[in-house]
Amino acid sequence: MKIVVFGGSGFIGQKLLEILVKRGHDIISVSRHGRPDSLTEKWADKITWVSSDILNDHEWQKYVKDADWIIDSVGILFENPKKNITYDRFIVQPVREITDFLKNNKSENRFLFISANKGPFIFRKYMEAKYLAEKITKRQNKNNLIVYPGLVFDSVKTSSIVITLPLRILSHIPLLNKVIIGYLPIKRVTLAKEISKIIDGGQSIYTKRR
């Protein structure tokens with residue numbers, strides 16, 4: 001299948017690209033900076049890397065038209081308004097741009113948005129942005145899919161290990177693990193494999209909130 005991944009050069013996106021291309025799919029990554037210089041693995045040579053700013057140009061649109069799946073993995077965990085890095089710009093607006101284009105062109109391809117399951121109070125604004133993006137996703141097409149992972153972590157990103165460590169420790173304590181089930185972190189590779197399974201027609205617990 002032909003799959004376009006928005007935000008493919010990011011933390012979640014890179015692992016998703018790796019898993020999908022190794023499954024034999026034709027993968028196109030769309031991001032502002034294209035292929036990261038640090039990404040030298042052989043599998044990355046099989047990806048079509050497209051440099052396109054979804055909010056400022058239309059270069060990405062020609063790749064979406066005949067894709068079987070479009071995946072939105074664009075996102076940030078923390079805002080930095082001074083650098084114009086906001087939840088609206090990096091969560092809500094990309095979803096709106098993509099789904100508007102699909103609706104206007106009466107596209108029959110499938111769209112998948114990577115949302116979030118739950119977040120503590122400090123992530124209130126982050127979750128509000130995710131909820132709004134979910135509404136936009138469903139409004140465009142009821143058959144669009146949303147996945148709801150917990151906080152994503154991987155050893156390649158030290159901050160993700162630090163942020164999720166307390167929750168991962170609590171998850172091993174009897175009774176407490178049931179209380180925090182909605183907040184449980186997920187390994188980056190696990191999330192990528194779950195999305196790949198969904199793309200291939202399989203079932204996943206991450207397509208529903210827990």
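At full extension, Leu77 and Lys2 could sit 24.2 nm farther apart than now, given 0.36 nm per residue minus the alpha carbon distance.
How much of the DSSP bridge set in the chain is antiparallel, in percent, rounded to the nearest 5?
Values: 1 of 23 bridges.
For the chain, the DSSP antiparallel bridge percentage is about 5.
A cut-off under 12 angstrom between Cβ atoms defines the neighbours of Lys193, and their net charge, with Lys, Arg +1 and Asp, Glu -1, is +3.
Rounded to the nearest whole Hz, the Karplus-based 3J(HN,Hα) values (6.51 cos²θ - 1.76 cosθ + 1.60, θ = phi - 60°) of the range 69-79 follow the sequence 9, 10, 10, 9, 10, 6, x, 9, 9, 10, 7, with x at glycine and proline.
Remark: the range 87-94, residue by residue, has Karplus-estimated 3J(HN,Hα) of 5, 5, 6, 10, 10, 6, 4, x Hz, where x stands for each Gly or Pro and the curve is 6.51 cos²θ - 1.76 cosθ + 1.60 at θ = phi - 60°. Name the residues of the range 71-107 whose amide N is less than 15 Å from a point 7 angstrom out from the Cα of Asn56 along the C-beta direction? Within reach of a label on Asn56: 83-86, 89-90, 94.
Determine the percent antiparallel among the DSSP beta bridges restricted to the range 66-166, to the nearest 5.
Values: 1 of 8 bridges.
Of the beta bridges lying entirely in the range 66-166, close to 10 percent run antiparallel.
The range 107-145 and the range 1-45 have their alpha-carbon centroids 21 Å apart. As a rough footprinting exposure proxy, the listed residues Glu79, Glu41 were ranked by other beta carbons within 10 Å of their own, and the order from fewest upward is Glu41, Glu79. Rounded to the nearest 10 degrees, what's the angle between the helix 11-22 long axis and the longest principal axis of the chain, both from Cα atoms, 0 to 90? With rounding to tens, the tilt is 60 degrees.
With charges only on Cβ, +1 for K and R and -1 for D and E, what is the dipole size of the chain about its Cα centre, in debye, rounded to 20? Write down the numbers at each step before the final one.
Values: 35 positive and 21 negative charges, 156 e Å.
Computed about the Cα centre, the dipole is about 760 debye.
With volume of the Cα convex hull per residue in Å³ defined as stated, name the option among [x] 126; [y] 140; [z] 192 computed from the structure displayed. It is the value labelled [x].
For the range 15-74, the Cα-based Rg and Dmax, in that order, read 11.5, 32 Å.
Between the Cα long axis of helix 158-170 and the first principal axis of the chain there is an angle of about 40°, rounded to the nearest 10. A simple count of charges around Asp53, restricted to other residues whose Cβ falls under 13 Å of its Cβ and scoring Lys, Arg +1 and Asp, Glu -1, yields -1. Charge tally for Asp88 (other residues, Cβ to Cβ under 11 Å; Lys, Arg +1; Asp, Glu -1): +1.
Can you tell me the FRET efficiency between Asn84 and Leu165 if r is taken as the Cβ-Cβ distance and R0 is 25 Å, rounded to the nearest 0.05? It would help to have the intermediate numbers written out before the result.
Working: r = 30 Å, r/R0 = 1.22.
Step by step, r from the Cβ atoms, then E = 0.25.
Result for the chain in a Gaussian network model with C-alpha springs under 10 Å: among Gly150, Gly24, Gly182, the largest mean-square fluctuation is at Gly24. Result for the chain in a Gaussian network model with C-alpha springs under 10 Å: among Leu39, Leu184, Leu17, the largest mean-square fluctuation is at Leu39.
Rounded to the nearest 0.05, what FRET efficiency do Asp200 and Glu41 have when you use their Cβ-Cβ distance and R0 = 22 Å? Given R0 = 22 Å and the Cβ-Cβ separation, E is 0.50.
As I understand it, the value is the acute angle between the Cα axis of helix 124-140 and the longest principal axis of the Cα atoms of the chain; what does it come to in degrees, rounded to 10? Roughly 40 degrees, rounded to the nearest 10.
Every read-out reported here was derived from the displayed coordinates using simple, explicitly stated rules and does not represent laboratory data. A quick note: this is a predicted structure, and the numbers were derived from the prediction, not measured. Here Cβ is always computed from backbone atoms with ideal geometry, including for glycine, and neighbour counts include all displayed protein chains.
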